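J.: Below is one structure. I have some questions about it.
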Amino acid sequence: MAESSGVIDSVTALDPARRAGEAAAAAAVAAGETERPDSPPSDLTAAAFFDVDNTMMVGASIFHFARGLAARKFFTTSDLAGFAWQQLKFRVGGREDKNGIAGHRDTALSFVAGRPVSEVIALGEEIYDELMADRIWAGTRALAQMHLDAGQRVWLVTATPVELAMIIARRLGLTGALGTVAESVDGFYTGRLVGEILHGPAKGHAVRALAVAEGLDLRRCTAYSDSVNDVPMLAAVGTAVAVNPDSELRDVAKERSWQIRDFRTGRKAARIGVPSVLGAGAVAGAVAAGLAYRKR
């Protein structure tokens, strides 16, 4: 991953949300230049954006990551308890609390300040295999594959640290990921975020910035999310799909005639025809950035 200090310099004049989005997009472009896909996309102006937590994966990816780090004695069980409470509310209520998620990410991951980026990436690989691989929603994964089969690029867009988001994307065979960018200097985390957590409006900025960089037509793009917090991302593209939506997003989706897919009922995922979901194309948003955390 390129040093994030250069990314910071290019967006210092922006508000925190836009700063986070632009940094994520810049990192995504940089990551794309170093990776050569085995099957280059044939449809270069359409793509798909997928939220991660409760959209692509059951529960919160950052909580699973924290569990794995706790098992490796990176922090105490009381720290994990706070994460567990947020995870319980998330799983039962089905929606995010911005302030709660931001606070717990910052607190629980503050200990990585001063640690090498390479170490966190290596641990992320191990923890994905241990705790995340079997928590992928089959129905959502099938939607992503549909876009890939149509020759489009597929990116994850998440508040999760970008290093972890990129691991998830790579393991799923996706193009890349937009995630929260943390500053690193000489390969070590400084403990500072670039802008803010990639959440809410920041996701919308990231999608738009990546579209400009990658030559995407947002009218032909598609976005998927479970949370009303992601309306800025969903509204930025031609086709919006509410996946496992919280009650507020379900209401918004009905009001705006957005598609709704719910894989939480235990029923097999309904067959989704390519014409219906790909009619407007898909969304783009690859990002390599950093780790969401701050010093306590």
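J.: Just rank 239, 190, 180, fewest to most, by other beta-carbon atoms within 10 angstrom.
T.: 190, 239, 180
J.: Moving to a separate point now. Grab the beta carbon distance between residue 235 and residue 134, set R0 = 30 Å, and tell me the FRET efficiency rounded to 0.05.
T.: 0.35
J.: Amide H neighbours of residue 153 under 5 Å, counting only residues 5+ apart in sequence or on other chains, H built in-plane at 1.01 Å?
T.: For residue 153, whose amide H was placed from the backbone, the distant partners under 5 Å are 48.
J.: Sort 199, 147 so the one with the fewest other Cβ atoms within 10 Å of its own Cβ comes first.
T.: So the residues, fewest neighbours to most, are 199, 147.
J.: Right, another one. Multiply the residue gap between residue 256 and residue 149 by 0.36 nm, knock off their C-alpha separation, and tell me the result in nm, one decimal place.
T.: Additional length available on full extension: 35.7 nm.
J.: Among residues other than residue 127 whose Cβ falls under 10 Å from its Cβ, what is the net charge (Lys/Arg +1, Asp/Glu -1)?
T.: After counting each charged neighbour, the total is -2.
J.: Could you work out how much longer the chain between residue 190 and residue 118 gets when fully extended? Use 0.36 nm per residue separation minus the Cα distance between them, nm to one decimal.
T.: Length gained, residue 190 through residue 118: 24.5 nm.
J.: Please arrange 146, 166 by counting, for each residue, the other beta carbons lying within 10 Å of its beta carbon, fewest first.
T.: Going from least to most buried by this count: 146, 166.
Bear in mind that the values in this text are calculations on the coordinates, not laboratory data. Everything numeric in this text was worked out from a predicted model, so none of it was measured. So basically every Cβ, Gly included, is an ideal-geometry build from the backbone, and we count neighbours across all protein chains shown.
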